1. State yes or no: is Ala40 over 16 Å from Leu120 (Cα atoms), modelled with pLDDT of 95 or more and out of contact with any strand residue (DSSP E or B) (no Cβ under 9 Å at 6 or more places or on another chain)?
2. Restricting the search to the stretch 86-122, which residues are outside any helix (DSSP H, G or I), surrounded by fewer than 19 Cβ atoms within 10 Å (Cβ to Cβ) and in contact (Cβ under 8 Å) with a residue 40 or more places away in the chain?
3. List every residue pair whose Cβ atoms sit under 6 Å apart, with the two residues 6 or more apart in sequence or on different chains, where the first one lies in the stretch 44-73 and is at pLDDT below 80 and the second, anywhere, is surrounded by 10 or more Cβ atoms within 10 Å (Cβ to Cβ) and not in a loop (DSSP other than H, G, I, E, B).
4. Restricting attention to the stretch 18-36, which residues are touching a residue at least 24 places away in the same chain (Cβ under 8 Å) and among the hydrophobic types (A, V, I, L, M, F, W, C)?
Amino acid sequence: MTTAYILIADSHRARCFERETVGGTLVELEDFVSPHGKLAREGHGRTAHAGTQFEPATSEAGKERARFAQQIADHLNAAVAEHRARSLILIATSPMLGEIEPRLTKAAALAVTHKVDKDLTHFTGPELTERVKKALDASA
């Protein structure tokens, strides 16, 4: 029996599911919510000239997204290292895929069987199961 962990994430929420067999039932294991996931991008400040200055690309929202991605990656890394997950399926928005992937250990990165750029965080139950199936079929 092969246990796959399926991560469904955006920059505000990530849900980790377990699936024992291909096409099997999704069992939710974790629901991560970024404590500051809805931070607005602050892009102005005051200067000595009473002008406007813009912060570098690593705004507070970007830093929070990086911290959130690290928390998710730590969970996936541990699941692979502890042999709870034989494979990883990442279904996330493009920015989150870009944040999570570099934080995976070598073993976890090798366990990734599918990467899908899609936001399914708002779906639940049978509709989520069906959308995951369609996303995986489309990526094959």
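1. For Ala40, the condition - over 16 Å from Leu120 (Cα atoms), modelled with pLDDT of 95 or more and out of contact with any strand residue (DSSP E or B) (no Cβ under 9 Å at 6 or more places or on another chain) - is not met.
2. Those that are outside any helix (DSSP H, G or I), surrounded by fewer than 19 Cβ atoms within 10 Å (Cβ to Cβ) and in contact (Cβ under 8 Å) with a residue 40 or more places away in the chain: Arg86, Ser87, Thr93, Thr113, Asp119.
3. Cβ pairs passing all conditions: His44/Thr52.
4. Listed by number, the residues that qualify are Leu26, Leu29, Phe32.
The values are calculated or read from the model by the stated rules, or taken from the named source; none is laboratory data. Note that the coordinates shown come from a computational prediction; the quantities given were computed from them, not determined experimentally. In this analysis, Cβ positions are derived from the backbone assuming ideal geometry, glycine residues included, and neighbour counts consider all displayed protein chains.
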